[in-house]
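Following: one structure in structure tokens, then a few remarks.
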Amino acid sequence: MLVENEAGALSRIAGLFSARGYNIESLTVAATDEASLSRMTLVTSGNDDIVEQIKKQLNKLIDVVKLQDLAEGEHIEREMMLIKVKAAGPDREELKRLTEIFRAKIIDVTDASYIVELTGASRKLDAFIGAVPEGLITEVVRSGPTGILRGAKGLTL
Amino acid sequence: MQSHLADGPDPNETAMAAERPLLSGAEIAIQALIDEGVEYVFGYPGGAVLHIYDALFQRGDAIKHVLVRHEQGATHAADGYARATGKCGVCLVTSGPGATNAVTGIATAHLDSIPLVVITGQVPTPVIGSDAFQEVDTVGITRPCVKHNFLVKRLEDLAETIRKAFYIAQSGRPGPVVVDIPKDVTDPNVKIPYVYPRDLNIRSYNPAKRGHLGQIRKAVEAMLDAKRPIFYTGGGAVLDDAAAPLTELVRALGFPITSTLMGLGAYPMTDKQFLGMLGMHGTYEANMAMHETDCLIAIGARFDDRVTGKIEHFCPHAEIIHVDVDPSSISKNVKVQVPIVGPVGSVVTDMLSILRESGGRPDQTALAAWWEQIDAWRGIDCMRYDRSSPMIKPQFAVETLYKVTNGDLYLTSDVGQHQMFAAQFYPFDKPRRWINSGGLGTMGFGLPAAMGVQLGHPDAQVACISGEASILMCIQEMATCKQYSLPIKVVLLNNGYMGMVRQWQEFFYESRYAHSYVDALPDFVALAQSFGHVGMRVEQPDQLESAMREAFAMKDRFVFLDVIVDPSENVYPMICAGKGHHEMELPPTMSERELA
Ligand SMILES: Cc1ncc(C[n+]2csc(CCOP(=O)(O)OP(=O)(O)O)c2C)c(N)n1
Ligand SMILES: [Mg+2]
């Protein structure tokens, strides 16, 4: 979604979901190349009728400039994760290997911990979490997915 | 602007600059309303709007301010004015409690899609967020019950924001817009050149101007193929002033038509093609026709739960055509086969011309059989009541009101049984005559709404039908009526109960009347008199007509008519929860009544 970069736009959208009982599974927002617009990627769920109604309700908000349902076409989704793990003794090697397999990066190191950065489809992030041995995870921070449609056409004004 | 002048003046620009007076924010707020053509502002002063009130004072009579006695009254009055005139209603209230008092009226307007611009004062920008005196997050509180709202943080944005507010409120599917203005933005000592922007372009807001012709053609074909068609119209037909083309289309086709509570009057209710209201307290014939139809033509209606009954049983045999200016109304509650997004007036007009061009006629044999069936349903006489009762029946009171006013009346209503009786027994032949809170069902709406109606139509007969519980919710507005000499007639159907609540308790809670008896009622006659009005009471059926005639003959007086009605009467027919249109409860027959 392209949304007017105005105070209140985010709460209108969040408010719509809570008032009408729709789910927000994740929501990412940031400025775009055009200063007056923000771009949001919102993940929601529901049957076709519900999703159709969600789109209509979002389009009705004055602050929503343009909306695209990525699920309708071929698209790319990426999410970023920072994960802090306990890394001592033999676990250090094991975690390093895991990081390589997943093409992740270790971006902070202490005697007892690593911070690993990993970007990819949400499923890949889930898989990494699953692969970390029991009890080693200290903290997980995920951005929620952002997405873009494949091909030459863009979501612009 | 200034650098432009330094470069060498463009004659047009200089002329414009000369026309741009220096105004403060407070003056801009008032000037913008004047430029918008606003006739009345309904308001109540307070700290955060004092600069604006001062600017208003200085402009003398350029704009008329109506001082209400509670901000809820301001919003309902502006709302009644809007419903009766088709113009935008305007309110001005202070921050904090002024704004919160206005919320009920804003929500009322929102659910019925009524255009309002509500200007609220706010604490000065530097202290926003500090829990300052009379600070509430007005934009936050009103967000879910407005079409849009604005917090104006910069003086430079004020004129354009007010212009946008009026545009958004009145275009597309109308609705209330709140403009929250911090006090420092209205500072009388800070002035900027003022120009009211005429042309607006809001990139994210483009309401449909016309319906899709291909879809409209499809709809006309479906109508011509139909064997058992019916029109179902809603508030959208009134709001878009579609009454004339709608009436022409329905007559050209010869189809039956029913209406929601909000659409009454868009098609003349005394016409034989009109089947009465549909839904929970609709007529038997309208609801049965909905159940049996094979082609439902929904015009500016939104398939509200009070209309559809249980969705699973709704119009089981019908192909549904739905015309609405708001795409999100379409296929929200009921899936439709022919959606048409557009202003209903223009779409109905397009339907008419396509129908005429096609030269097609509906299947007359099928239509005759359909009417025969409908007339049989009509024969059930679903709204019969005991006409020989020694007590005044509320239905009789409404029938008498119709007789006394010759059907020429603006009637506002509160919420409850009296509202349903009015909708059932007062046939409106014109739109914008029946003014009630359908969506939110706000008790207290009727009296202040009538003030707005009377101000919008100073020479018309205006009445408010109410219940003894509802009327007390905005009774303070009798003072406003006195101050502005508004000759409204209040017709109180006094049954001593929150009748609609009592009815539900009788039907669904084995007559356990929990707190629905309205004890400790005031003497309404004396109460009206104490406000400087005329008060009258009637208890006998045979005195009702003459009392009403006497009341309406007092053309320049506000009259409060306390009509004591049968406390045990119920609204029939009724579709109970979980039932379909074909499963109505009809009024008990005389013998059943005696048994009970
Ligand atoms: C502000 C508000 N509170 C509560 C209700 C619920 N309610 C609906 S009808 C009704 C009773 C109204 O009683 P009265 O005004 O005497 O009308 P009657 O039904 O007796 O004609 C109530 C309490 C409401 N609609 N609005
Ligand atoms: Mg009552």
A:Val141-A:Ala112 FRET efficiency (beta carbon distance; Förster radius 25 Å; 0.05 resolution): 0.85
Dipole moment magnitude, nearest 20 debye, region B:394-571 about Cα centre, only Lys, Arg, Asp, Glu C-beta charged: 520 debye
Magnitude of the charge dipole, region B:10-166, Cβ model with Lys/Arg +1 and Asp/Glu -1, debye to 20: 420 debye
Interface area, A with B, accessible, probe 1.4 Å, both sides summed, Å² nearest 100: 1400 Å²
Calculated P(r) of region B:301-413 - Cα pairs past 18 Å, %: 74 percent
Region A:75-146: relative contact order in percent, alpha carbon pairs under 8 Å with at least 6 residues between: 50 percent
Inter-label distance, nm, simple model (7 Å from Cα along the C-beta direction), A:Asn47/B:Arg387: 5.0 nm
Prolate/oblate/rounded call for region B:213-378, Cα gyration tensor, a/c under 1.5 rounded: rounded
Within region A:1-31: backbone nitrogen closer than 20 Å to the B:Val190 label point (7 Å, Cα to C-beta): A:7
For region A:83-157 and region B:236-295, distance of Cα centres in Å: 62 Å
Estimated 222 nm signal from helices in chain B, with DSSP H stretches of n ≥ 4 weighted -39500 (n - 2.57), rounded to 500: -11500 deg cm²/dmol
Relative contact order (%) - criterion: Cα under 8 Å, at least six apart; region: region B:192-296: 27 percent
Relative contact order (%) - criterion: Cα under 8 Å, at least six apart; region: chain A: 27 percent
Mean-position separation - Cα centroids, region B:531-551 and region B:434-462, in angstrom: 21 Å
Probe 1.4 Å, accessible area per residue of chain B, Å²: 39 Å²
Label-zone membership for region B:63-86, site B:Ala479, 7 angstrom Cα→C-beta point, backbone N under 11 Å: B:68-70
Cβ-Cβ FRET estimate between B:Asp429 and B:Ser511, R0 fixed at 30 Å, reported to 0.05: 0.15
Alpha carbon centroid spacing (whole Å) that separates region A:1-34 from region B:485-528: 45 Å
Global form of chain B, assessed from the alpha-carbon gyration tensor, a/c cut-off 1.5: oblate
Label-point gap, in nm, between B:Leu224 and B:Leu50 - each point 7 angstrom along Cα→Cβ: 7.0 nm
In order through region B:541-552: 3J(HN,Hα) via Karplus (6.51 cos²θ - 1.76 cosθ + 1.60), integer Hz, x for Gly, Pro: x, 6, 9, 5, 4, 5, 5, 5, 4, 4, 4, 6
Spin-label zone in region B:89-114 - amide nitrogen under 19 Å from a point set 7 Å from the Cα of B:His457 along the C-beta vector: B:89-90, B:114
At least 50 Å² of accessible area lost relative to the chain alone, listed for region A:1-42 with a 1.4 Å probe: A:Arg12
Cβ charges +1 (Lys, Arg) and -1 (Asp, Glu), total dipole of the protein assembly as shown, debye: 700 debye
Gain upon complete extension [B:Ala520, B:Arg557; 0.36 nm per residue less C-alpha separation]: 10.6 nm
FRET efficiency, B:Ile354 to A:Lys105 (Cβ-Cβ, R0 45 Å, nearest 0.05): 0.10
Set of lysines with alpha-carbon distance to A:Lys84 below 22 Å, sequence-local pairs under 8 removed: A:Lys96, A:Lys105, A:Lys124
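The values are calculated or read from the model by the stated rules, or taken from the named source; none is laboratory data. From a predicted model like this one, the values you see are computed outputs, not experimental measurements. For neighbour counting, all protein chains shown are included, and Cβ atoms are generated from backbone atoms with ideal geometry for every residue, glycine included. These area figures cover heavy atoms from the full protein model, side chains too; ligands, DNA and RNA do not enter into them. Shrake-Rupley method; radii C 1.70, N 1.55, O 1.52, S 1.80 Å.
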